[in-house]
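Below: the structure, in structure tokens.
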Amino acid sequence: MNRLGILLSGRGSNFLAIHRAIQDGRLPGTEIAVVLSNKSAAPGLQAARDLNIPAHHIPTAGLPPEERDLPYIAALREAKVDLVCLAGYMRIISPAFVDAFRDRILNVHPSLLPAFPGLESQTQALEFGAKIAGCTVHFVDEKMDHGVIILQKAITIEDSDTPDTLSARILAEEHQAYPEAIAHVLSGQYTAQNRRYIKNKN
């Protein structure tokens, strides 16, 4: 059984999308082992508890990255996770965290990286006048929004789009892309070198 550890800071919509993918058979042989959050009131934590998934608040306020990540590393190791999925976790993780789960941490970002990294990617895209937007699922390394890209999904930016409408349409793509990327990675049928993620042919 593949065991996932989910980190989130908010409503947990991508966490719930992953859970749905497990329930409907798109991620066979997979379970969510633990959900962790830096926010005690994160709706995603309560959603996990409602699903009888172990869910814990680990406070991080005021701590340097190296210290705040130690209890997360410990909790994920205790849960024996195979893959760590950042699902709206609004903290930059430390190099020590990355090293503890090297090539086993995924993130979804609401832009077609390397375009528009960081916060408010949808606003960045609109202000730049981009015609195409989308989402990226990538491995996490020591740099922000930088790791090897697993897959991307694109949408057309409409003239009528606002940051809110664009965000909503990209989020719908994230909900499809994240489970798909997790399935790819858990299959082990890929190689990643020179920043290229290549699915192996059967």
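Take L36 and tell me if it is assigned to a helix (DSSP H, G or I), aliphatic (A, V, I, L, M) and over 17 Å from A96 (Cα atoms).
Considered against the rule, which asks whether it is assigned to a helix (DSSP H, G or I), aliphatic (A, V, I, L, M) and over 17 Å from A96 (Cα atoms), L36 comes out as no.
Return the only residue of A172, A177, A183 being assigned to a helix (DSSP H, G or I), under 21 Å from I6 (Cβ atoms), within 13 Å of the chain's Cα centre (by Cα) and not assigned by TED's automatic domain parsing to the domain that holds R26.
Every option except A177 fails the conditions.
Go through the range 117-164 and give me each residue that's modelled with pLDDT of 95 or more, under 29 Å from F97 (Cα atoms) and either outside the structural domain of K199 (by TED's automatic domain parsing) or touching a helix residue (DSSP H, G or I) at 6+ places or on another chain (Cβ under 7 Å) (or both).
Q122, G134, C135, V137, V140, I150, L151, K153, listed by residue number.
Regarding E174, is this residue in contact with a helix residue (DSSP H, G or I) (Cβ under 8 Å, 6 or more places away or on another chain) and at pLDDT below 95?
no
Taking the range 44-55, which residues are in contact (Cβ under 8 Å) with a residue 40 or more places away in the chain and exposed (fewer than 14 other Cβ atoms within 10 Å of the Cβ)?
Within the range 44-55, none qualify.
The values are calculated or read from the model by the stated rules, or taken from the named source; none is laboratory data. Bear in mind that the values here come from a model prediction, so they are computed numbers and not experimental data. A quick note on method: Cβ atoms are made from the backbone with ideal geometry, for glycine too, and the neighbour counts reach across all protein chains shown.
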